[in-house]
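What follows is a short report on a single structure.
The values are calculated or read from the model by the stated rules, or taken from the named source; none is laboratory data. Here the structure is a predicted model, which means the values were calculated and not measured. Ideal geometry is used to build each Cβ from the backbone, glycine not excepted, and the neighbour counts take in all protein chains shown.
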Amino acid sequence: MTTSERPRPRKAARDVRRRQLIEATIDVLATRGYSSLTISDVSRRAGLSMGIVNFHFESKAALLADTLKHLAVQYRDNWMAAVSEAGGDPAARLYAMTSADFGEDVCTPRTLQAWVSFWAEAQSRPAYDEVYGDEEAEYLQTLETMCADISSAGNYNRPQSGKLDARVINALTDGLWVALAHTPPGITRSQALSTLHNCLAAFYPAHFDANGPVN
């Protein structure tokens, strides 16, 4: 067995601890919010000492940045997996991508609260845009392409439909996430998905109705 093939128990243990601390940070963000979060809160939530937290993250800012990156990658992996399974039909791909926002893997109360906390903070901390900017740009570009593809396939003939439709759909799903993050939530996940259906049906009536894709 070569050196590169040998297991790395210490690295694996470090990765587990970092993931544990990131998950604890998401929990604290969901219950206390961004401004009230402390390293002490995170260590208690994780059941680890302050020394371990400081060993893995040099500062609170570093811990929060890694937590945001974790959420961004989780979100990207979720919609990309949905699109990969949808096949080549433009309507199926667009529906898979947009409805993935309301799947159980990413649309949970704690995750939504954490995202909303970061969104609010990003207005005064442009550095956070650098953390998840690539994932966001990739999502928007893919969404624009999908909207353009279905517009072309359906001959909807609206100027710049790909870019403009994508902006509306993205704004809608963001707003629905904010509504879902309220305590108590203003809507259910099912109602949020129905709202998405109505938006897609308004843009692409030959492909969607109030129940989702038209078969």
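Annotations
- Of the candidates Ala120, Ala171, the single residue that is at pLDDT 95 or above and part of a helix (DSSP H, G or I) is Ala171.
- Within the range 159-183, the set of residues being under 16 Å from Pro90 (Cβ atoms) and in contact (Cβ under 8 Å) with a residue 24 or more places away in the chain comprises Ser161, Asp165, Ala166, Ile169.
- Residue that is surrounded by the most Cβ atoms within 10 Å (Cβ to Cβ) [pool: residues in the range 62-120 that are closer than 21 Å to Val214 by Cα and β-branched (Val, Ile, Thr)]: Thr98
- Residue match in the range 180-192 (condition: farther than 29 Å from Ala30 by Cα and either touching a helix residue (DSSP H, G or I) at 6+ places or on another chain (Cβ under 6 Å) or modelled with pLDDT of 95 or more (or both)): no
- Scope the range 50-108; condition among the aliphatic types (A, V, I, L, M) and farther than 16 Å from Ile22 by Cα; matching residues: Met80, Ala81, Ala82, Val83, Ala86, Ala91, Ala92, Leu94, Ala96, Met97, Ala100
- For the range 184-193, a residue qualifies if it is surrounded by fewer than 16 Cβ atoms within 10 Å (Cβ to Cβ) and either touching a residue at least 12 places away in the same chain (Cβ under 8 Å) or in contact with a strand residue (DSSP E or B) (Cβ under 6 Å, 6 or more places away or on another chain) (or both), and exactly one does: Pro185.
- Among the residues making up the range 159-193, those that are of a type outside the set (A, V, I, L, M) and over 19 Å from Pro109 (Cα atoms) are Pro159, Gln160, Ser161, Gly162, Lys163, Asp165, Arg167, Asn170.
- Of the helices (runs of 4 or more DSSP H) lying entirely inside the range 22-94, the ones with 3 or more residues being within 20 Å of the chain's Cα centre (by Cα) and within 30 Å of Ser161 (Cβ to Cβ) are found at 60-86.
- Every pair of residues 6+ apart whose Cβ atoms lie under 6 Å, when the first sits in the range 74-98 and is free of Cβ contacts under 8 Å to residues at least 40 places away in the same chain while the second is buried (at least 18 other Cβ atoms within 10 Å of the Cβ) and not in a helix (DSSP H, G or I): Asn78/Val106
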